[in-house]
Each structure stands twice: as C-alpha cells, then as structure tokens.
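Working notes for the structure below.
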Amino acid sequence: MSRFTNKVAFITGGGTGIGAAVAQQFVAEGGKVVLMGRRLAPLQEVAQPIGGLAVSGDSADAGDVRRALELAREQFGGVDVLVANAGGHGLGDAAQTDDASWRLATRLNLDTAFVCIRELLPELIARSGNIVVLSSLAGHFAGPAVAGYVTMKHALIGLT
C-alpha cells in the first residue's frame, strides 16, 4: 500500500510549478487530488493525466472554496490534506508599494491560505487530516525590493 492510498489532497495553485509537482507526486504515491486555481486550463492540464479534479476559483473567496470542497466530496468522498500553495506578487520596496499592490499581495499569499484553512478545517479535523502551508525562504529573511512578498511569507509562517 502506498503512503497516500485512500487520501485526497486539496491543492491551491495546483496548475503550475510547486503545486503541479505536489499533485503529481501525491498521485504517484497512491492519492487523489483536487486542484484549485484561477485559471482552469493549466489545472486541467495537470489534473487530466493523473485523474485529478480541476476546479476554477479564487482560493481567497470562501464561497469558491466551499464549492470546490463540495465537488471534492462528490467525486472523492472528502479531503484529507490541504496544501495551501497559491501565492505570488509583492515586488517593490515599502516606498514603492501602493495600497492596491499591498492588498493584492495580502490576498494572493495570506488570504488564500487563511480562507482555505478556515473552510476546510472541520473536514480535516473529522478525517484526522493534515494542513501544509507553503511559504518561502523569504519568510525567514527580509529583502528591500520585495516588501509585500516578504511580509506575507513571514505571515504564513505565523499562521501555521
């Protein structure tokens, strides 16, 4: 029996990069995956060959997350692992970062993880599940040219 047999992972930002790699490895080790992201095409490109479920939506929007969770329940029976991977944005030092850029960095990095944790937590507790929140080395160091990104990655570490 593989280590993820009968386990389902809900992966945000699963259409590219680290999220796609996590999805492929999770399935290779016996699991099933639900991939959530804003762009459906890349999600489908990853999900289709591995038998995953692609759900387009904003993982910072509670309604979208609840809808994706319901689809996961319908297709796979529930969710055992949340991989909060969605993120990005936040270039510029503090003097260059306008309010809109700051809010976008917060939404893409911190809000996505928080909303998914909050919405999936009852399911994960009931199934003795796990939560994986991806941050970055930027969460341990500071850099002058990436104020929003660094701050949000530090916040993700605090969230976990």
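The residues of segment 1-48 that are of a type in the set (Ser, Thr, Tyr) and over 11 Å from the mean Cα position of the chain (by Cα), listed by number, are 2, 5, 16. Inspection of segment 133-147 finds no residue satisfying the criterion of being within 23 Å of residue 29 (Cα to Cα), among the β-branched types (Val, Ile, Thr) and free of Cβ contacts under 8 Å to residues at least 24 places away in the same chain.
May I ask you to verify whether residue 110 is part of a helix (DSSP H, G or I), modelled with pLDDT of 95 or more and within 22 Å of residue 25 (Cβ to Cβ)? In short, no. When the test is whether a residue is modelled with pLDDT under 95 and not β-branched (Val, Ile, Thr), residue 142 passes it. Here the condition is being surrounded by 22 or more Cβ atoms within 10 Å (Cβ to Cβ), within 26 Å of residue 137 (Cα to Cα), in contact (Cβ under 8 Å) with a residue 60 or more places away in the chain and not hydroxyl-bearing (Ser, Thr, Tyr); of 86, 72, it holds for 86 alone. The set of residues in segment 120-160 being part of a strand (DSSP E or B) and within 14 Å of the chain's Cα centre (by Cα) consists of 130, 131, 132, 133. Under the condition of being in contact with a helix residue (DSSP H, G or I) (Cβ under 8 Å, 6 or more places away or on another chain), polar (S, T, N, Q) and over 14 Å from residue 157 (Cα atoms), the residues counted in segment 107-136 number 1.
The values are calculated or read from the model by the stated rules, or taken from the named source; none is laboratory data. Bear in mind the structure is a predicted one, so any value in this text is a computation, not a measurement. Cβ sites come from the backbone with ideal geometry, for glycine too, and all protein chains shown count toward neighbours.
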